[in-house]
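The values are calculated or read from the model by the stated rules, or taken from the named source; none is laboratory data. Not measured: the values here are computed from a predicted model. Glycine gets a Cβ as well: all are built from the backbone with ideal geometry, and neighbour counts include every protein chain shown. When the accessible area is computed, the model is the full protein with side chains, heavy atoms only, and any ligands, DNA or RNA have been set aside. Shrake-Rupley method; radii C 1.70, N 1.55, O 1.52, S 1.80 Å.
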Amino acid sequence: IAGMMGVPKEREKDFKRWSNATLGLQSGSIEADRMQTLMELGTYFAQLSAERRANPGSDLISALTRVSDTSEALTDQQIVGFCILLMIAGNETTTNLLSNLLDRLAGAPDDWAALRADPALLDRAIEESLRTDSPIQFVMRIARKDVEIGAAKIKSGDYMLAYLASANRDPEKWNDPANFELSRERERHVAFGHGVHHCIGAPLARLEAKSAMTALLTRFASAKHAKAEGERVMHGMLFGYQRLPLVFG
């Protein structure tokens, strides 16, 4: 994602550090270090967007400088906000998708063997992982009008959480919804959201996951959990692994 945005390769480690700070995933002291890192991040993207306005290229940030709503172009602040969103969405969510899928497959050797025997099943495995272990657990929304959902009364202007992970395990839509099943028919899930807010990076995330998994399945005959315990991402919105020790054979 850093390459697609036109960020120099030598700044890739900064990209991961900035992403972790934005989500509150960094280790060590929180507030002071995090605020300094976020200021560094904002300054960098502001400088980069100014450079792209003056000398546009074929990267995503250059494209943002050319985007306009009728006659009004995006402001520098809006571009910085988009850059931060793309940075996080372009790496953290796909990382979580991969770690969740590998965690499932490491505990299911028959599924690993089935995927090696029939690579066409990989698309189904990715979608089933997105459904059962949604990398983004919820999104925040503001109600545009009064509405009742079940016994809940929501007023126009209320903030609410749309829990994607719960919808993806709806027992009225799927049998044994918490189970990861390669044989399950692919039905639409909402891991990438829905409607006008459907994730713009969904095709890229699927492509990245498929590329990584194809390489692992081609190279290794098996995958299993190591003795050391994995460590989940400590963030309410995100679901994935900060650390997942595996043994490939």
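Backbone N atoms of region 210-239 closer than 17 Å to the 7 Å Cα→Cβ label point of Ala152 belong to residues 237. Each 10 Å bin from zero up to the one holding the largest Cα-Cα distance in the chain carries the following percent of pairs: 6, 25, 31, 25, 12, 1. Compactness of region 136-183 was expressed as the Cα radius of gyration divided by 2.2 N^0.38 Å, which yields 1.47.
Does anyone have the angle between helix 76-89 and the longest principal axis of the chain? Alpha-carbon axes, 0 to 90°, nearest 10? Once rounded, one gets 10 degrees. Using the Cβ-Cβ distance between Asp76 and Val247 with R0 set to 30 Å, the FRET efficiency works out to roughly 0.05. Legend: distances between Cα atoms for Lys9/Lys227; Lys9/Lys224; Lys173/Lys210; Lys13/Lys227; pairs beyond 31 Å are Lys9/Lys227; Lys9/Lys224. Its Cα centre serving as origin, region 102-249 has a Cβ charge dipole (Lys and Arg +1, Asp and Glu -1) of approximately 360 debye. Note on exposure: Ile61, Ile149, Ile136 ranked by accessible area (1.4 Å probe, complete protein assembly) read Ile149, Ile136, Ile61, with the most exposed listed first. Largest GNM mean-square fluctuation among Lys16, Lys224, Lys153, using the chain with Cα springs under 10 Å: Lys153.
Translational diffusion coefficient of region 33-164 at 25 °C, 0.890 mPa s, Stokes-Einstein with Kirkwood Rh over Cα pairs, in µm²/s as a whole number. Calculated translational D: 130 µm²/s.
In a fully extended conformation the segment linking Arg66 and Arg53 would gain 3.9 nm over its present Cα-Cα distance, using 0.36 nm per residue.
For the peptides 52-59, 177-184, the ranking by mean Cβ contacts within 10 Å, running from highest to lowest, is 177-184, 52-59.
Here Lys145 is the anchor, and the aspartates and glutamates within straight C-alpha reach of less than 14 Å, apart from those fewer than 8 places off in the same chain, are Asp158. Annotation: average projected area of region 92-212 is 8.4 square nanometres, based on the convex hull of Cα atoms across all directions.
Near Asn100: Cβ cut-off under 11 Å, other residues only, Lys/Arg at +1 and Asp/Glu at -1. The net charge is 0. Between region 187-213 and region 110-144, the C-alpha centres lie 9 angstrom from each other. Directionally averaged projected area (region 142-249, Cα convex hull): 9.9 nm².
Histogrammed with a bin width of 5 Å, the alpha carbon distances of region 173-232 distribute as 4, 12, 13, 17, 23, 20, 9, 3, 1 percent, first bin at zero. Multiplying the residue separation of Leu207 and Ala46 by 0.36 nm and subtracting their alpha-carbon distance yields 55.0 nm. A simple charge model with +1 on the Cβ of Lys and Arg, -1 on the Cβ of Asp and Glu and nothing else charged puts the dipole of the chain at about 180 debye relative to its Cα centre.
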